[in-house]
1. In the set GLY646, GLY619, which member is over 26 Å from GLU355 (Cα atoms), assigned to a loop (DSSP other than H, G, I, E, B), in contact with a strand residue (DSSP E or B) (Cβ under 7 Å, 6 or more places away or on another chain) and of a type outside the set (Phe, Trp, Tyr)?
2. Is it fair to say ALA637 is open to solvent by less than 60 Å² (accessible area, probe 1.4 Å), within 26 Å of the chain's Cα centre (by Cα) and closer than 22 Å to GLU340 by Cα?
3. Across the range 804-853, what is the number of residues that are in a loop (DSSP other than H, G, I, E, B), more than 22 Å from VAL765 (Cα to Cα) and touching a residue at least 24 places away in the same chain (Cβ under 8 Å)?
4. Please enumerate the residues belonging to the range 818-835 that are on the phi < 0 side of the Ramachandran plot and open to solvent by less than 40 Å² (accessible area, probe 1.4 Å).
5. LYS114 passes all but one of (1) open to solvent by less than 50 Å² (accessible area, probe 1.4 Å); (2) in a helix (DSSP H, G or I); (3) free of Cβ contacts under 8 Å to residues at least 40 places away in the same chain; which number fails?
6. Any residue at all in the range 48-60 that is open to solvent by less than 80 Å² (accessible area, probe 1.4 Å), in contact with a helix residue (DSSP H, G or I) (Cβ under 6 Å, 6 or more places away or on another chain) and in contact (Cβ under 8 Å) with a residue 60 or more places away in the chain?
7. For residues that are open to solvent by 60 Å² or more (accessible area, probe 1.4 Å) and either of a type in the set (Lys, Arg) or under 25 Å from PRO58 (Cα atoms) (or both), scanning just the range 645-660, find the one that is modelled with the lowest pLDDT.
8. Just give me the residues in the range 663-673 being open to solvent by 10 Å² or more (accessible area, probe 1.4 Å), modelled with pLDDT of 95 or more and either over 29 Å from SER621 (Cβ atoms) or touching a Gly at 6+ places or on another chain (Cβ under 9 Å) (or both), in sequence order.
Amino acid sequence: MEWTSLNDLREKYLSFFESKGHLRLNSFSLVPDNDKSLLLINSGMAPMKKFFTGEVTPPRNRVTTCQKCIRTPDLERVGHTARHGTYFEMLGNFSFGDYFKNEAIPWAWEFLTKTLEIPEDLLWPSVYEEDDEAYALWRDVIGVKEEHIVRLGKEDNFWEHGTGPCGPCSEIYFDRGEKYGCGSPDCKPGCDCDRYMEIWNNVFSQFNNMGDGTYTELTHKNIDTGMGLERLACVMQGVDNMFEVDTVRNILNKVVEISGKEYGKDKNTDISIRAITDHARASTFMISDGIIPSNEGRGYVLRRLIRRAARHGKLIGIDRPFLTEMCDAVIKENYKGYPELEEKKELIKKVISNEEMSFNKTIDQGLKLLEALMEKGNILSGEDAFKLYDTYGFPLDLTKDILNEKGKSLDEDGFNSLMKEQRELARSSRKASDGESWSSNGISFDNIEKTEFLGYSDNSCNSKVVDIVIDGEHKGIANEGEKAIIVLDKTVFYGEGGGQVGDTGIISNGSFKFEVVDTKKTTGGVFYHIGTVLSDSVFVGDTVTASIDVDVRDAIRRNHTAAHLLQAALRKVLGNHVEQAGQLVNDKSVRFDFTHFSALTAEEIAKVEDLVNGAILSGTSVTSKEMPIEEAKKLGAMALFGEKYGDVVRVVTAGDMSVEFCGGTHVDNAGKIGLFHIVSESGIAAGVRRIEAYTGFNTLNLLNYYIDLSSKTAATIKCGNVNELVEKAGALNEKLKATEKELDKLKSQMAAGQTDDIMNKAITVGDVKLATAKFNGISADDMRKMLDGIKDKYSDAVVVLAGINGEKLTFCVSCGKDAVSKGAKAGNIVKEIAVICGGNGGGKPDFAMAGGKDVSKVDEALQNAENILKSML
């Protein structure tokens, strides 16, 4: 048993199972693919659930992976103990209906005892208490002594999650030695002490939980193996926890270097050092998989991690941005296993730097506010915590950390209630109103063969109807007027994917006609056509003709190819940190989201447009070709950020400007795009920008609109020549400014005259003068100017003005310096007056404003001013 580095352990494991006929797959993205049940991938088998359920056919029945994982339930504990971490790697070997216990158990033993040379007497297998088959394999085939095999109950050694596939487990424990034990003579795996560490878990998926307490035997049994890489490294390196494992410790040492602190000397310092180490690892990998900080979902998890790390940096005296240096350390230790880290290095560091700087701008102000709020009592209200989150970007766990340090608590229910309100508001604003009656959620096409797609070359084809779905149920017929989903054995309709919308068109056969309003596809490659039967009926088994709307498809082609040229142009103008963060390609426009950290200047937008139009006008050839993914990577083909690809990919090449992985439809020559024009550029999230652009006829229509608009504008302002429009508009603008200046002068003169009129009607209340007046068609700004003049001239005056503009009512109150000293308060006066008219408002003692709703009560409100003022003096 020799010391082995974490990176070497990963390679040894994967190579071992390759030698056993397994296909080595790269780690799946941390972002689940079409799995809404998970926010982030948290286990080795999570991204392969559809292989186990049969929804998707695996590339091979034997697969081995080392999977990146994130778990955050105990985020607030990370750093406080050496056991908790958010990021880890899971080694796994999987069988989808192929081998079972007879192979899985011997291979596990062989890898641990032969490949890694762990002494057999330090390993203890456990089995489910009723699994005699596994017990016999350990005893009779492997030769483990019975006293070294432990039977454990359902809680420990039976995996199930509700209804569906489930089964017993067999784990392998490593004996760390008596010094970690409890001293009991009965101490063995299953004991609560730290002596026995689980390093391998074989899940034998052999039953189906029927949900009524009964289990049936599965026809095709599966193997799901999980082994934590960091945990195995602890064993092979003889260390106590993951923070002492070589690669992790090297990252931790970077924290020590930056902070100048010593690890292992002070409890609180150690907490911060461990938290920064873990969060730097997790953040780096999350960003490399396309996650960007935000206030929702997995983006919020990332934001919490970065901001928590930044705060822990401050706690140990790091008074400058430092997380990009941590990012360098993470990449250095992990790039051999995950080369995408090096490829995305520039982007990862920009995202982390941007988020750290953003947090640093608000943290000091937020901390001061939190300190003040904590003085109110021992429990921080949910409303205050939400304000810290919503206004100052404080993640809830950061607020909780600080409260815990001070021995205080939080009304978390109140916070969650406000968060729920915010999310429901956002959700309701986003909710789609179209096509809900055609939703295919919950519809299974398990028994349908993968659809043959002919749409790259053809606009129509003859097909066979293989399935019809109406109102969520599989039917044999669809009749005139019914909304339905039709599945064909082959189709020219593109199924929505990769940001490109699904095709529209007609499916027909004689008098039967079905209007397709959308096309989608399942992860298993089944295309389904959504629409309405316009005439006659169709049966499963009928032969039909599927024809796309060619004009719409051509417009989509133009926009999709333009998206590729746009990305290439953005990278050339802005830098290689630009990555696609999302897109929508339809027949109207191309909407392209990309990673960048500032708004584009007019000059940058012009450069991007020129590069794209240059490729178009030069007639750049566009080709599409399927090839092995490794060959595509050698060509420098760009992949969609965070996307998972198979062994064979489709590569779209536009001359020497763009090479991308893409399954969408494209023009064969960039010249067919016509013209490209950017209509808007905006920010949609921290570090993510959005461009919307037009091509082809849409650009032509926009150009014609601008020409027509210019002509009509010229006619309106009596400009004989459109080319002189700017000059004419400028002259009119100067004339308007002069007129407004003269008008302001007249208003001031009128206000001065009205000032005397108002004060001539003033009455004496105590030691001050009170004047009230009502005006029609006057603005609040004009009333303010009028009151400023009175206040300067009459220091002992209180003036109440009411301005009426149609149904809008505004009150303004001013109190001179001497009036304020005698007790008059404009804010209180205007508030009480406004209430009479059904309004509200307030302000400072010398000036205040309020609105009112009931214009009919203005006179009553002004009459009450005297009594209100008397009560103050």
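The values are calculated or read from the model by the stated rules, or taken from the named source; none is laboratory data. Every value quoted in this text rests on a predicted model; they were computed, and no experiment measured them. Reconstructed Cβ throughout: ideal geometry from the backbone, glycine too, with neighbour counts over all protein chains shown. Keep in mind that these areas ignore ligands, DNA and RNA; they rest on the heavy atoms of the full protein, side chains included. Shrake-Rupley method; radii C 1.70, N 1.55, O 1.52, S 1.80 Å.
1. Testing whether each residue is over 26 Å from GLU355 (Cα atoms), assigned to a loop (DSSP other than H, G, I, E, B), in contact with a strand residue (DSSP E or B) (Cβ under 7 Å, 6 or more places away or on another chain) and of a type outside the set (Phe, Trp, Tyr) leaves just GLY619.
2. Yes: the conditions hold for ALA637.
3. 4
4. ALA819, ALA824, ALA826, GLY827, ILE829, VAL830, ILE833, ALA834
5. Only one criterion is unmet by LYS114, namely (1).
6. yes
7. Taking the candidates together, the pick is TYR645.
8. Residues satisfying the conditions are ASN669, GLY671, LYS672.
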